[in-house]
Structure formats: C-alpha cells, structure tokens
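Since the structure comes first, as structure tokens, the remarks are kept for the end.
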Amino acid sequence: MALVIGAYHALLRWGRQERYEHVTAVGYSCVVFGWMTVLSVKQPTHSLRLLGFVALPINLAPFGSLIFCSIIVPQASFVGHLAGIVMGYLVAWDVFVWVDWYWFAVLAFWTAVVFLFSLKATTNIALPFLQVHWNFNQLTGGSGGGGGGGS
C-alpha cells in the first residue's frame, strides 16, 4: 500500500495528474497481481492462456493481465495493479527475507505510532493520551479545516 500511495503522490506532485488526488482505496487484486508475479518468477516454465486465444509465457503474464484488466475494466487501478507487480518482484527476489518476527513487530509499532500522531494532528478525534503541539496545516501550507493540532 505504501508503494501505491507513493506512486499517487509522485503522479500528483511531479506528473500533475489531479485525477489521483482523491483516490483512497487499494483492492485485493493488487495482492493477486503480486502473487501472480511471484509465481512467474519462481516457476518460469509454464504458460498462461488468455481467453483461450493468446498463450503468454508466464514471465509476461502479470503485464498481459494488467493490460487486459485495464481494457476490460477501465475504472480498475492501473497504478495499484502495477504496484502489486512491483511488490511481487521484490518478494520473489527475496528483498524482504530479513523481516523476521522482531522486525515485523518493530515496523508495526512505528507504523502505529505514526498513524496515531497523524490521526491526532489531522482530525478532531479525541485521543486524550496523545498530545500534538504543532499544526499540520502550518507544515504543509494548507489553510482551514483539518483541526486537531495543538490540543
């Protein structure tokens, strides 16, 4: 999901693609594309038939499925599915082999901390155990709305 959010941020900031400004969901098909990519890297000898007409080598299947999905379902997230393919390659190439239970717990803890501070700073949800002494809108140059900072 972080890869998808990063890609949307890059598209908004440097690609000037305003249509991605309010995209907030990532579906499970991103995970399916990731697993399809892992399969294509780990077992490259098989082939995939699309609609019974086209036989794709399995190493091209994720990209063929991405194009096919984008044509059949135009509202489907091209960026989300592409992020699933990228993450599938990272998993298949053992980039995350170092993540054991200790590192998982550390990453989960810090993700929760950042999430709670972000939630407190950008919304009006009452979290009495958490104090934020800066205003998110001042940091980003935004104005109005949001609230919650400095309570």
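The values are calculated or read from the model by the stated rules, or taken from the named source; none is laboratory data. Keep in mind the model is a prediction, meaning the values are calculated, not measured. We place every Cβ from the backbone using ideal geometry, glycine too, and count neighbours over all the protein chains shown. Ligands, DNA and RNA are stripped out before the accessible areas are found, and what is left, the full protein with its side chains, is counted by its heavy atoms. Shrake-Rupley method; radii C 1.70, N 1.55, O 1.52, S 1.80 Å.
Each residue in segment 77-103 was checked for being touching a Ser or Thr at 6+ places or on another chain (Cβ under 6 Å) and within 14 Å of SER29 (Cα to Cα), and 3 of them qualify.
Checking the structure you have, find out if any residue of segment 78-97 is more than 18 Å from TRP35 (Cβ to Cβ), assigned to a helix (DSSP H, G or I), at pLDDT below 85 and of a type in the set (Phe, Trp, Tyr). Yes, the conditions are met somewhere in segment 78-97. ASN124 satisfies every condition listed in (1) at pLDDT 75 or above; (2) in a helix (DSSP H, G or I); (3) open to solvent by 100 Å² or more (accessible area, probe 1.4 Å) except (2). Among the residues of segment 108-121, those identified as open to solvent by less than 90 Å² (accessible area, probe 1.4 Å) and of a type in the set (A, V, I, L, M) are ALA108, ALA112, VAL113, LEU116, LEU119, ALA121. Residues in segment 46-67 include none that are exposed (fewer than 11 other Cβ atoms within 10 Å of the Cβ), in a loop (DSSP other than H, G, I, E, B) and at pLDDT 80 or above. If only residues of segment 17-31 that are assigned to a helix (DSSP H, G or I) and open to solvent by 70 Å² or more (accessible area, probe 1.4 Å) are counted, the one that is modelled with the lowest pLDDT is ARG19.
Restricting the first member to segment 46-57 and to residues that are farther than 14 Å from PHE68 by Cβ, and the second to residues that are surrounded by fewer than 11 Cβ atoms within 10 Å (Cβ to Cβ), the beta-carbon pairs closer than 6 Å and six or more apart or on different chains are SER47/ALA55. Would you confirm whether or not segment 103-115 contains a residue that is assigned to a helix (DSSP H, G or I), within 30 Å of GLN17 (Cα to Cα) and touching a residue at least 40 places away in the same chain (Cβ under 8 Å)? The answer is no, given that none of the residues of segment 103-115 is assigned to a helix (DSSP H, G or I), within 30 Å of GLN17 (Cα to Cα) and touching a residue at least 40 places away in the same chain (Cβ under 8 Å).
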